[in-house]
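Working notes, beginning with the structure itself.
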2 protein chains.
Amino acid sequence: MASSHDASAQNAVDMANARNQASIDVSSVKHFVYNRKEEWQRKENLVQIMSKDPVFDKSKREWMTRTEKYSRGLRMVNRMYELEHSLGWSKEDTKVATSLLDDALPINLHVTAFEPVFLLQASQELLDKYAGLIATRGIFGCYMQTELAHGSNVAALETTATYIPDTKEFEIHSPTLTSSKWWIGALGKTATHGVVQAKLILPGGKDMGPHLFFVQLRSLDTHHLLHGITAGDIGPKSFNGNAPNDNGFARFNHVRIPKENMLSKFAQVTDDGNYVQPPHAKISYGGMLYIRSGMVTAAGWITAKAAVIAIRYATVRRQGNRGPDGLEKQVISHPSLHVRLLPILSRAYVFIGLGRALTQAFDAMAQRLSSGDTSLLAELHATTSGLKVLCYDSQPVSVAIYADMVPSVTYEGENFVLDQQAVRAALKAFRVLFGPEGKSQPSASVIQNLPPSSDYLQPPILKDDDSSSSSWYDSETLILLLEWRAALLVHELAQTLQDPDATIYQRVSKGTTEAFVARRVGEMISGLKAQPELKPNDVDVLRRLYILYLQTTVESALADFLSFGLLRLPSPSRLGASRDPTRGLRVAIARICVGLLPEAIGLTDALGLSDWELDSALGVYDGKAYQALWDRAQMEPLNAKEVPDAYEESIKPMLLRGQKMAERKAGSKL
Amino acid sequence: MASSHDASAQNAVDMANARNQASIDVSSVKHFVYNRKEEWQRKENLVQIMSKDPVFDKSKREWMTRTEKYSRGLRMVNRMYELEHSLGWSKEDTKVATSLLDDALPINLHVTAFEPVFLLQASQELLDKYAGLIATRGIFGCYMQTELAHGSNVAALETTATYIPDTKEFEIHSPTLTSSKWWIGALGKTATHGVVQAKLILPGGKDMGPHLFFVQLRSLDTHHLLHGITAGDIGPKSFNGNAPNDNGFARFNHVRIPKENMLSKFAQVTDDGNYVQPPHAKISYGGMLYIRSGMVTAAGWITAKAAVIAIRYATVRRQGNRGPDGLEKQVISHPSLHVRLLPILSRAYVFIGLGRALTQAFDAMAQRLSSGDTSLLAELHATTSGLKVLCYDSQPVSVAIYADMVPSVTYEGENFVLDQQAVRAALKAFRVLFGPEGKSQPSASVIQNLPPSSDYLQPPILKDDDSSSSSWYDSETLILLLEWRAALLVHELAQTLQDPDATIYQRVSKGTTEAFVARRVGEMISGLKAQPELKPNDVDVLRRLYILYLQTTVESALADFLSFGLLRLPSPSRLGASRDPTRGLRVAIARICVGLLPEAIGLTDALGLSDWELDSALGVYDGKAYQALWDRAQMEPLNAKEVPDAYEESIKPMLLRGQKMAERKAGSKL
């Protein structure tokens, strides 16, 4: 009888069967994902070490208080550097080890913001003094930009750094409550030093706008705050996310720092208070760009975890009509579910690849910046502005990861502000192509000299049968459609700038960024064959996964495609036939998903995420989700006592009062 | 100088100015929202009492452990009933008081599921014995349907209730791990009794499918679990949401209950074990429908809180270019922001009104059901299936409220399962209209006899200028468009049932539900003038707010409208002109938002949500968000010590190690 069937044992059978079904070589694809076998082995080795170390145990973190989570976070940070030291990890080893810690730790901002900004912009003198200490965490830093009332608009920051020629010092000051530095990671309780964004005020009160200053915050002997500095933790964040990170506030009351503490590689103040112009006005954005390109990679892995958990659970969870085996169907077999899950998997693969490409681009820019060449800066700024929005807007909601991600909507630039930056770059490129009035035809030489993020403005050559069904499987058609849509959106914006509609800026930003990503995905597809790790069948499966990404990108923008006539409307309705011009694409998505379904568990395994990393009962590797859920429930502290403390305090008085009332009522009825 | 400007004091000025700008009579609109003055006063009175009572204080809950949150929750429940008793609250008073508690409390399921199901389906004998105790909370109940491996598909539940003729008892049993009841609110530690969904097994092993049984779980003397029952809390939930609710698990090991404990108003077992057929197969869905209609109201108020907080903060937050006053602009004045916020406000007003209408419909159904008339059941089932999905899918992400809401995607029916139920109803109505082949023209009498949720299938009469800009402000045009789109989607589905595309089921469900809601919104608009509370100007503002809801509903479905040719494409592109057929609508949305902007704070005030209810620093009534943020940060327990405990344990060792390493490296360089 089906009712006495052991669904928990069935979990393992279902997972094993799904694993056997996959035709890809999981190891090969895994090595491809990790960019080669050695990188995978490095990570695997670190996972082995860390997952067995009790300091990195995750089983009790759910029930910790905020303060306990903070303490645990720092124990992990300290332990990691202890291991680095004792095991002789390389810089890259430590970087990968840090990425394995799925708690938002104070160290992250030291590594991704404080240190790179310092290295890029400090004078040689300051580098000599502090770069070594920063690299070994002999001092612990934070990056202090945002203020209580000021975020993305750096020009409006209120904190001042006034130059005092007499003593050759800067005086850092917070004139108002709203100028308090706010939200700064590691500032609350941990950091000993910080890079502070403040308005440089020169003698005579001349305001030179925001510049960066290196400021010691706490004593290296006692960890007490230095004189004139008030600082603390800003309190719990949405959904209790980022709990181990002491995001903090700080106010400066006329705090003096030596003149050489200005990060002055590109902008200097002379001893008598004159300003020496930097070669590029936006030089200080360098740090933020680095964070943004890292965010794409991070978004890729967060998406990957969500996809692995959801696909594994959907593989073992059964619900709905019974099949020939007398069991309910595996829910992943329901089209309504797998057309939602497989696109998430495709996004994970795309973002991971894209993040790698961006990080390489950043490294190239940093190389050039350090020698004063700012030519790549504007390009990378435009690219990462739109990308950051795209990555975090298209996130699937997934387990507790989401809570840590929520602030990403605003930090490193509020999403809609970034949209406008992407739009500005698009408009600029448009005017280069079509002239200031948008009416001239672009010459071939103009097109060739456009930066890569403007690829989409090159008029694509559409084939005749673009709305027929076979084209929906052709990556080049899909990419051209996305590029053509971006061009038409930019054109639309250019024509209606005086009276923009409600959403045109967001649509242009999304359209241009999606075209940029689509072109990169095209490069990934054509590059697959050259990957030494992959076998021909792996190449075919990955190609289809990338095409699914392109298809669903087009689908999510159908209103644009239809608006601009890029999809042909079908001939006037015949009874008994589809009247929907979008059906071809939607059917193609359904088909490609059905084709990828047998590969789903293989593709999730190839992401190489251990149970320790996933920390999810639903997503366990062996498939025994029900047993894992049951086991975890038994750890809930409320279950330690059969009768909770609340019984004597609240439940019993309530029940007794109710029983008396009921008795009285029943009595009065008689 | 702008930098020394007191932005915190400016907060209050900005809020006061915005409040003065509104032309609506806030009291009048408030009385309309609360369905009349007396209802508003009832709530206001309860808020006065509860917000001053220390038991309902919210200031420390963020830092409580799970167990502390549970205990606090029950203190609140007990205190509320103490107040009910001592102040002589009516049943309606208590209902409103319960709705004011913004924590997910174990009592909610007693009130919304356990009690109504019991009252609807228990025999007179059982009612006499327990209805009084349930009403006074002399016993505390839960509703036990979901199992570890089984959710929406009730037919697959594994728990059995086997009838034993010898002793006239049922034996409740959980044959497997996966048959454990799971996720059940109040079951973990609180409930004394429960209504259990179990498969009724008659002598000879005949499986009669799921039925409901009334089971005592814990001793009323000691609160210990009764013999044969294992139960506990399932542990923390996503984002630490629903923490005060002891969602629980339970296993039954051959637990005997008397025969009269079967809820047998509509289905009975005779003493010798024969089954007496119920008049309507789906009778037991009654309870779930009640929860669903309540969920629409709840979604309305959750949306309202999000809208109030976001709009108030956007009113005082300034960012971007400086205006003539030398200040940055209020962010709500940025079109990219207000076109996102005002539609959320419109949804709040729509859902609150819709929830009221649905609750009235449920009351009517319950009235009929209690006399055995099931005629309204199918209709309400179809309506609420789609609505629940719509309400919770279109939620704005908002503060901590979100965490409590996440499970709503699956509880009371997983969203995509519900979609299919709405679709089934739509297809049935379609076949009534157009015949089994979808080819015949419907007769007038057939149309007149369709139930209200099928309104959208009546062919709308479109005007000539539907895609011209003036029509976008006309509610009837917008409603007809939504109805016509629903009809075409159902037609498309009917034509392609054999080979459905990836998303057609979701689109049909969304389309038909949005058409249903749009028609109700049309009724709300035409009913405004008859509202005694409202002045003509209030009617005009609310009408525009409702039209914004309709406009944004159409906008979110543009791909459908364009697919089916419901929007005319513009003539072939002229240079210097818009080529976008959706521009008319999008401009209309931008315009209506600009027009509503001065009313925004008035409309949020009219929702009548006190600071105690909102519990948000960003959304304080007086506008002083920065001061409130600062004050709250000072309460963070991490700030109690200047140097955290983690310093000696982790930070100091890490810094010292780093300093030594840096010294060594510097030394080796020399």
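The values are calculated or read from the model by the stated rules, or taken from the named source; none is laboratory data. Every value quoted in this text rests on a predicted model; they were computed, and no experiment measured them. Every residue, glycine as well, gets a Cβ built from its backbone with ideal geometry; the counts of neighbours run over all protein chains shown. In case anyone asks, the SASA skips ligands and DNA or RNA and just uses the protein heavy atoms, side chains included. Shrake-Rupley method; radii C 1.70, N 1.55, O 1.52, S 1.80 Å.
Data for the structure
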quantity	calculated
Test: residue in the stretch B:1-8 that is open to solvent by less than 70 Å² (accessible area, probe 1.4 Å) and not in a helix (DSSP H, G or I)	yes
Residue among B:Ala155, B:Ala161 that alone is open to solvent by less than 10 Å² (accessible area, probe 1.4 Å), touching a strand residue (DSSP E or B) at 6+ places or on another chain (Cβ under 7 Å) and either farther than 19 Å from B:Arg218 by Cβ or touching a residue at least 60 places away in the same chain (Cβ under 8 Å) (or both)	B:Ala161
Top-ranked residue of the stretch B:14-68 - restricted to ones that are among the polar types (S, T, N, Q) and in contact with a helix residue (DSSP H, G or I) (Cβ under 8 Å, 6 or more places away or on another chain), ranked as least open to solvent (accessible area, probe 1.4 Å)	B:Ser28
Which listed residue, of A:Ile291, A:Ile283, is at pLDDT below 90, in contact with a helix residue (DSSP H, G or I) (Cβ under 8 Å, 6 or more places away or on another chain), away from chain B (no Cβ under 14 Å) and closer than 30 Å to A:Met64 by Cβ	A:Ile291
Members of the stretch B:292-346 that are over 26 Å from the mean Cα position of the chain (by Cα) and touching a residue at least 24 places away in the same chain (Cβ under 8 Å)	B:Thr315, B:Val316, B:Arg317, B:Arg318, B:Arg322, B:Gly326, B:Leu327, B:Gln330, B:Ile332, B:Ser333, B:Pro335
Check on A:Gly273, of a type outside the set (Ser, Thr, Tyr), touching an Asp or Glu at 6+ places or on another chain (Cβ under 6 Å) and outside any strand (DSSP E or B)	no
Out of A:Val26, A:Val55, sole residue that is touching a Gly at 6+ places or on another chain (Cβ under 9 Å), β-branched (Val, Ile, Thr) and modelled with pLDDT of 95 or more	A:Val26
Selection count where residues are buried (at least 23 other Cβ atoms within 10 Å of the Cβ), more than 27 Å from the chain's Cα centre (by Cα) and not in a strand (DSSP E or B), scope the stretch A:231-257	0
Residue selected from the stretch B:599-630 under the condition more than 7 Å from chain A (Cβ to nearest Cβ) and without any contact (Cβ under 8 Å) to a residue 12 or more places away in the chain, by the criterion least open to solvent (accessible area, probe 1.4 Å)	B:Ala628
1 or more residues under 33 Å from the mean Cα position of the chain (by Cα), within 10 Å of another protein chain (Cβ to nearest Cβ) and in contact (Cβ under 8 Å) with a residue 24 or more places away in the chain: qualifying strands (runs of 3 or more DSSP E) within the stretch A:180-230	A:181-184, A:193-202
Enumerated helices (runs of 4 or more DSSP H) restricted to the stretch B:65-164, each holding at least 3 residues that are more than 7 Å from chain A (Cβ to nearest Cβ), among the hydrophobic types (A, V, I, L, M, F, W, C) and within 24 Å of B:Ala267 (Cα to Cα)	B:115-121, B:124-135
Any hit, the stretch B:315-335, residues being in a helix (DSSP H, G or I), touching a strand residue (DSSP E or B) at 6+ places or on another chain (Cβ under 8 Å) and polar (S, T, N, Q)	yes
Answer residue from the stretch A:476-530, given it is of a type in the set (Gly, Ala, Ser) and within 11 Å of another protein chain (Cβ to nearest Cβ) and is most open to solvent (accessible area, probe 1.4 Å) among those	A:Ala494
Verdict on B:Arg318 being modelled with pLDDT of 85 or more, surrounded by fewer than 19 Cβ atoms within 10 Å (Cβ to Cβ) and within 14 Å of chain A (Cβ to nearest Cβ)	no
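Residue-by-condition table, conditions (1) open to solvent by less than 80 Å² (accessible area, probe 1.4 Å); (2) within 41 Å of the chain's Cα centre (by Cα); (3) of a type outside the set (A, V, I, L, M):
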{"site": "A:Met635", "(1), (2), (3)": "no, yes, no"}
{"site": "A:Asp645", "(1), (2), (3)": "no, no, yes"}
{"site": "A:Ser650", "(1), (2), (3)": "yes, no, yes"}
{"site": "A:Leu655", "(1), (2), (3)": "yes, no, no"}
{"site": "A:Ala662", "(1), (2), (3)": "yes, no, no"}
{"site": "A:Ala666", "(1), (2), (3)": "yes, no, no"}
